[in-house]
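Input: a single structure, listed below in structure tokens.
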Amino acid sequence: MRMMLTVTIDVEAGNQAILTGEMPKLVAALCEKIKPEASYFTSVNGKRTSMFFFEMTDSSQMPPMLEPLYEKLKAGIVLSPVMNLEDLQNGFKAMLESR
């Protein structure tokens with residue numbers, strides 16, 4: 001299932017991770033694990049925020065993916081299923097056919 005992972009990083013923990021060089025390593029390790037089709041980096045409400053779009057095949061992927069973010073960045077995490085336009089169109093088609 002296509003998922004959107006939104007990571008909001010604690011300011012102080014993020015500052016420390018940048019100063020120690022840990023931040024690039026964490027981002028690289030996460031991208032290696034989830035192989036996102038797209039990644040975006042921005043600021044939301046004054047906090048470093050990243051969004052990753054990827055395929056999650058099993059919920060057991062969550063602990064190894066998320067725990068380093070919680071532990072090292074004190075990150076807030078939102079993991080949401082998402083659709084692209086093709087998925088949405090297929091969903092509408094299936095909905096209309098089932099009526």
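Within region 40-55, the set of residues being within 15 Å of residue 78 (Cβ to Cβ) and not aliphatic (A, V, I, L, M) comprises 40, 42, 45, 47, 48, 49, 50, 52, 53, 54. Of the residues making up region 1-12, those that are under 18 Å from residue 65 (Cα atoms) and either among the charged types (D, E, K, R) or part of a helix (DSSP H, G or I) (or both) number 2.
Candidates 85, 79: the one that is touching a Leu at 6+ places or on another chain (Cβ under 8 Å), modelled with pLDDT of 95 or more and aliphatic (A, V, I, L, M) is 79. Remark: residue 24 falls outside the filter, which requires a residue to be assigned to a loop (DSSP other than H, G, I, E, B) and either farther than 19 Å from residue 79 by Cβ or touching a residue at least 12 places away in the same chain (Cβ under 8 Å) (or both).
When the residues of region 72-83 are filtered to those that are of a type outside the set (A, V, I, L, M, F, W, C) and surrounded by 11 or more Cβ atoms within 10 Å (Cβ to Cβ), the one that is nearest to residue 25 (Cα to Cα) is 72.
The values are calculated or read from the model by the stated rules, or taken from the named source; none is laboratory data. Keep in mind that what you see is a predicted model, and the values were worked out from it rather than measured. In this analysis, Cβ positions are derived from the backbone assuming ideal geometry, glycine residues included, and neighbour counts consider all displayed protein chains.
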